[in-house]
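Notes to accompany the following structure.
The values are calculated or read from the model by the stated rules, or taken from the named source; none is laboratory data. Small disclaimer: the values here were computed from a predicted structure and weren't measured. Every residue, glycine among them, receives a Cβ derived from its backbone with ideal geometry; neighbour counts consider all protein chains shown. Side chains included, ligands, DNA and RNA excluded: accessible areas come from the protein's heavy atoms. Shrake-Rupley method; radii C 1.70, N 1.55, O 1.52, S 1.80 Å.
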Amino acid sequence: MNKKNKLSVVIGRFQVPELHQGHKYLIERARVNSSKLLILIGVNCGWTSKADPLDFETRKAMLKSVYPNAMILSVSDHSTNVAWSNQIDEIIEKHFKGYKATLFGSRDSFLPCYLGKHPKKYVAQLAGIPSGTELREIVSGSVLDSSEFRTG
């Protein structure tokens with residue numbers, strides 16, 4: 001398969017203490033289909049909360065440690081799926097002009113919300129892997145008493 005000038009895009013919140021097997025499986029399926037990988041991290045443009053306990057830079061560092069060759073950027077929440085999709089298309093155009101982009105998602109992903117111009121590909125989930133939502137519930141209910149945590 002010719003991967004030249006192909007871009008794989010994965011979008012997620014990645015609000016977990018470490019990437020789980022489901023995340024890695026999805027990102028790997030995307031990565032092997034192209035010459036470039038773009039990971040967009042969803043940000044809510046507000047304070048951290050129980051639903052969104054980790055800031056963008058923390059999640060970017062986590063992803064970069066596993067996928068050092070990926071471009072990792074933020075994508076902001078919007079009031080409509082059309083505006084959000086337009087933002088994604090603009091990011092792709094700005095950073096990967098001339099590439100054929102495909103967006104990869106899995107269970108409970110962004111796929112139904114993306115209304116932009118690029119094709120989407122569904123990747124079936126791995127059985128028995130807890131979702132990011134389930135892991136986020138565990139993390140958000142925890143208080144860690146360490147100087148490393150308080151340092152960020």
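Enumerate the pairs (first residue in the stretch 1-22 and among the basic types (Lys, Arg); second residue anywhere and open to solvent by 70 Å² or more (accessible area, probe 1.4 Å)) with beta-carbon separation below 8 Å, excluding pairs fewer than 6 apart on the same chain, so at least 6 apart or on different chains.
Listed by first residue and then by second, the contacts come to Lys6/Lys36; Lys6/Lys100.
For the stretch 49-78, enumerate the residues that are touching a helix residue (DSSP H, G or I) at 6+ places or on another chain (Cβ under 9 Å) and over 24 Å from Lys121 (Cβ atoms).
Ser49, Lys50, Ala51, Asp52, Pro53, Leu54
Within the stretch 1-42, work out how many residues are open to solvent by less than 70 Å² (accessible area, probe 1.4 Å), of a type in the set (S, T, N, Q) and more than 21 Å from Asp89 (Cβ to Cβ).
The qualifying residues number 1.
Hey, among the residues in the stretch 43-94 that are closer than 17 Å to Leu19 by Cβ and assigned to a loop (DSSP other than H, G, I, E, B), which one's most open to solvent (accessible area, probe 1.4 Å)?
So, considering only residues that are closer than 17 Å to Leu19 by Cβ and assigned to a loop (DSSP other than H, G, I, E, B), the one most open to solvent (accessible area, probe 1.4 Å) is Asn69.
Just name the residue that is surrounded by the fewest Cβ atoms within 10 Å (Cβ to Cβ) out of those in the stretch 108-120 that are touching a residue at least 40 places away in the same chain (Cβ under 8 Å) and either over 22 Å from Ala70 (Cα atoms) or of a type outside the set (Phe, Trp, Tyr) (or both).
For the stretch 108-120, the residue satisfying everything is His118.
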